[in-house]
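Written out below as structure tokens is the structure these notes cover.
The values are calculated or read from the model by the stated rules, or taken from the named source; none is laboratory data. Keep in mind that what you see is a predicted model, and the values were worked out from it rather than measured. Here Cβ is always computed from backbone atoms with ideal geometry, including for glycine, and neighbour counts include all displayed protein chains. All accessible areas refer to the heavy atoms of the entire protein, side chains included, with ligands and DNA or RNA removed. Shrake-Rupley method; radii C 1.70, N 1.55, O 1.52, S 1.80 Å.
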Amino acid sequence: MGKRKIFSMLLVVVLIVAMFTNAFLFGPLIIFSNADPGDISENWHNETTLNVTVLQLQPRINWYDFQHNQSGTWVSKLNDQIDVNNSAEYRFIVNISSDQGWADIDYMNITAWFDNGNESTIYNNSGNLGGNLNMYLQYENTTGTANYTLLWPDDEVTFSSGDCTETNVTDPSGSPGNTECHNITFPFIPGYQNRYAPGDGAWDTNAGHNDTWSWNFNITVEDQSGYKSYDNPIIGETINEFGIYSYTEVVSAGWPVIVGNPGDSPAYNQSYINIETRSNGNYSLSVNVTNLTHTSNPSYTIQNTSILTAGGELNPLTLFNGNNPQYYYGGAAAYTSAEDNGTILTTSDAEWAVNILIGQQPGDYTATIYYHLRTQT
């Protein structure tokens, strides 16, 4: 029995060795294969996309603002009033996209105008109303070199094309391979007499011009093919408004000097004097004068009812009447229309005279003159 067990074990070993030897020499004796999955009813594949690029023919104004430079920080002044003290700096900033590339952009125009209480008005292209009522800024890029121009007015606004900027930015909704987007800025300093515009007291913070007695503005962009931003069915017109605070200043007035003899009725100053004023709205300019007082002996006087003046709309020479002023322009309840041009009004025909009575004490007399300029608000 012991030999049979040994023989059986040897036979098993031989068979195992033979199995592996045949596998290496003649290939496997046993082949494994996948089972048949049977019927398949459905399958999903979500790893591809349909890509469509929409390119608009019209240029787009994505956003804009009208801002004030407050110590280096630009603050929006849309639907708000601004100063016209000949030093405060303001700017328009406009973000523009073109799906046809930036070289396709020819013009950006900014027109602004005082609506004079009528919201249906538009920019006055003739320029007849003057710069204190109109402004026209233009960006031109027809040759590939940008030009910034203040087309109107000629002297009521301080503008330097060297201060304008053009910056490449990204349009987040544009096509990276096609869309070019730029920020354009137009900084300027308005002069003293840019028209006063208080608004109607109910400033609307939404886009568009909705307030009377304001400055309206419109921004348009045009490309080489004649497509315009306001033809864009998504954007339409880019219009809004701002206001302007009143500004009133008597800049200077000449010193009338009269030399006369007793009995001169009247004795005139040697020549006309100039009175320089600034007002950015309808205005009145009145004048009054105290009694003339002897400089070394104040007991001697010449009453102001003996003093005469003329100038502006006041003609001829007119006597003062105690505390009642005389008006070179306007009246106690009336105003002269605001100036259309310039940053200053010079009244160059003001004149003074005095009736010197017989027996008037000789010597030098002095009176204080009071000029009162008022802007209608």
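Amide H contacts under 5 Å for Val289: Tyr370, restricted to partners 5 or more places along the chain or on a different chain, H placed in the peptide plane at 1.01 Å from N.
In the chain, helical runs assigned H by DSSP with n ≥ 4 each contribute -39500 (n - 2.57); averaged across all residues and rounded to the nearest 500, the mean residue ellipticity at 222 nm is -2500 deg cm²/dmol. Express the carbon and sulfur contribution to the solvent-accessible surface of segment 149-251 as a percent, rounded to the nearest whole number, probe 1.4 angstrom. Taking all protein chains in place, segment 149-251 shows 45 percent carbon and sulfur surface. The orientation-averaged shadow of the Cα convex hull for segment 85-136, equal to a quarter of the hull surface, comes to 5.9 nm².
Among the protein heavy atoms of segment 42-147, carbon and sulfur supply 45% of the accessible surface, probe 1.4 Å, non-protein parts ignored.
Working note: Karplus 6.51/-1.76/1.60 with θ = phi - 60° gives segment 261-278 the couplings 10, x, x, 6, 9, x, 9, 9, 6, 5, 7, 5, 10, 9, 10, 10, 9, 9 Hz, where Gly and Pro are set to x. Axis angle, to the nearest 10 degrees, between helix 2-26 and the longest C-alpha principal axis of the chain: 50 degrees. 3J(HN,Hα) couplings calculated from phi for segment 157-169 with the Karplus curve 6.51 cos²θ - 1.76 cosθ + 1.60 (θ = phi - 60°) are, in sequence order, 10, 8, 9, 10, 4, x, 8, 6, 9, 9, 10, 6, 9 Hz; Gly and Pro show x.
With a Förster radius of 51 Å, plug the Cβ-Cβ distance of Asp200 and Ser299 into 1/(1 + (r/R0)^6) and report the FRET value to the nearest 0.05.
Values: r = 57 Å, r/R0 = 1.12.
Approximately 0.35, to the nearest 0.05.
The 1.4 Å probe gives accessible areas that order Thr143, Thr347, Thr336, largest first, as Thr143, Thr336, Thr347.
Rounded to the nearest Hz, the phi-derived 3J(HN,Hα) couplings of segment 144-151 under the Karplus curve 6.51 cos²θ - 1.76 cosθ + 1.60 (θ = phi - 60°) are x, 10, 6, 10, 10, 9, 9, 6, where x marks glycine and proline. Using 0.36 nm per residue and subtracting the Cα-Cα separation, the extra length available between Asp80 and Tyr268 on full extension is 62.8 nm. Is the chain rounded, prolate or oblate when judged by the Cα gyration tensor, a ≥ b ≥ c being the square roots of its eigenvalues, rounded requiring a/c under 1.5 and prolate requiring a/b larger than b/c? Here the chain falls in the prolate category. Stretching the chain fully between Asp340 and Ile40 yields a gain of 99.4 nm (0.36 nm per residue, less the alpha carbon separation). Average accessible surface for the chain: 57 Å² per residue, computed with a 1.4 Å probe over protein heavy atoms with every protein chain in place. Straightening the chain between Asn116 and Ser225 buys 35.7 nm, computed as 0.36 nm per residue apart minus the Cα-Cα spacing.
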